[in-house]
1. Test residue 155 against the stated conditions and say whether it is in a helix (DSSP H, G or I), surrounded by 17 or more Cβ atoms within 10 Å (Cβ to Cβ) and modelled with pLDDT under 85.
2. Which number in (1) closer than 23 Å to residue 171 by Cα; (2) not assigned by TED's automatic domain parsing to the domain that holds residue 22 marks the one condition that residue 95 misses?
3. Would you pick out the residues in the stretch 171-196 that are outside any loop (DSSP other than H, G, I, E, B), under 24 Å from residue 16 (Cβ atoms) and modelled with pLDDT under 90?
4. In the stretch 15-36, which residues are of a type in the set (Phe, Trp, Tyr) and out of contact with any Lys or Arg (no Cβ under 8 Å at 6 or more places or on another chain)?
5. Among the residues in the stretch 8-19, are any charged (D, E, K, R), modelled with pLDDT under 95 and under 20 Å from residue 218 (Cβ atoms)?
6. Taking the residues in the stretch 207-237 that are touching a helix residue (DSSP H, G or I) at 6+ places or on another chain (Cβ under 6 Å) and among the aliphatic types (A, V, I, L, M) as candidates, determine which candidate is modelled with the lowest pLDDT.
7. When only residues in the stretch 39-52 that are buried (at least 18 other Cβ atoms within 10 Å of the Cβ) and in contact with a Pro (Cβ under 8 Å, 6 or more places away or on another chain) count, which is farthest from residue 193 (Cα to Cα)?
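The values are calculated or read from the model by the stated rules, or taken from the named source; none is laboratory data. Everything numeric here is computed off the predicted structure, so don't read it as measured data. For neighbour counting, all protein chains shown are included, and Cβ atoms are generated from backbone atoms with ideal geometry for every residue, glycine included.
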Amino acid sequence: MPYELHGRLTTPDDEVVVWHYLGLPQLTSLLNKRSLFFCRLDALEDKFEGMLPRSMVNLRREFHAKHTGPVVEKYDALINEATDPAQAAMFNAERTVVADSRDIVLSSIPERRACTAVSCWHMNDEEAMGMWRTYGSPEFGIAIKSSVARLKEALRAVGEPVYVAKVEYHNYESAPARGALMNRFVPVFWKQAAFRSEAELRCAVFDRDMSPTGISWFNPKGVSVPVDIDGLIERIVVSPAAAPWYIETVAALVQRFGFTGPVQPSELAADPSY
């Protein structure tokens, strides 16, 4: 099933250049399995992945309290009027369940995080030194150069819907409540404002069952999604701090896996030519 468009998400134009920074083990796995790894949201470093902003959480709690309050009061009346101790105990148990229950939207967040996996790409016409430093080993980092069009086309082999969209960056303490956040897709494409420099394009897949107790195709860390490797990768770029022998090693290794595209050193490693 190819990439799917979603009305509440923003997908960049096809010609936008994207980069995926990774290490040699991850590249080897990608080429060997011919699959792109999607990491579960709850396995990512940022604990706010898939979360709602404080304003939305407060709004949901107020809504829940407004609608459960009258039910609790009704049980209070039933308990006071009950003449049978057993019946009063039953009413009290039911009252406790209602009073202690959490709003279903909020209580489902851990499940949504466990049942959503993403592949993260950086939108930029050129390499970014900040991304090399953050996501690539200084001497052994690797970057895959691609485009939005290539990425969408490469995902055609996936048997499940894949959503590709820009990440929005927000302050979770001050962001206003938005009804769109009740959609399960939107929080997946939100991140804290501190990550804005990543200019992330995100691909997301959802588990078929949407249940952490019955995950049908995810593993504890995520899922490997089959892709058209030759169509996905425009070129492989090796870290600006890499030694010549390492660049040669990467080129020889990827050829063994049938990749015939260019492998080249980072342009950031070049000396001034003027």
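1. Values: in a helix (DSSP H, G or I): yes; surrounded by 17 or more Cβ atoms within 10 Å (Cβ to Cβ): yes; modelled with pLDDT under 85: no.
No.
2. All conditions pass for residue 95, except number (1).
3. Kept after step one, since they are outside any loop (DSSP other than H, G, I, E, B), are these residues of the stretch 171-196: 179-182, 186-196.
Checking which are under 24 Å from residue 16 (Cβ atoms) leaves us with 180, 186-196.
180, 186, 187, listed by residue number.
4. First, the residues of the stretch 15-36 that are of a type in the set (Phe, Trp, Tyr): 19, 21.
Residue satisfying the conditions is 21 alone.
5. The answer is no, given that none of the residues of the stretch 8-19 is charged (D, E, K, R), modelled with pLDDT under 95 and under 20 Å from residue 218 (Cβ atoms).
6. The qualifying residue modelled with the lowest pLDDT is 227.
7. Among those that are buried (at least 18 other Cβ atoms within 10 Å of the Cβ) and in contact with a Pro (Cβ under 8 Å, 6 or more places away or on another chain), it is 40.
Results for (1) among the aromatic types (Phe, Trp, Tyr); (2) without any contact (Cβ under 8 Å) to a residue 24 or more places away in the chain; (3) outside the structural domain of residue 167 (by TED's automatic domain parsing); (4) within 18 Å of residue 189 (Cα to Cα), shown as yes or no for each residue.
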| residue | (1), (2), (3), (4) |
| --- | --- |
| 11 | no, no, no, yes |
| 17 | no, no, no, no |
| 32 | no, no, no, no |
| 38 | yes, no, no, yes |
| 60 | no, no, yes, no |
| 71 | no, no, yes, no |
| 84 | no, yes, yes, no |
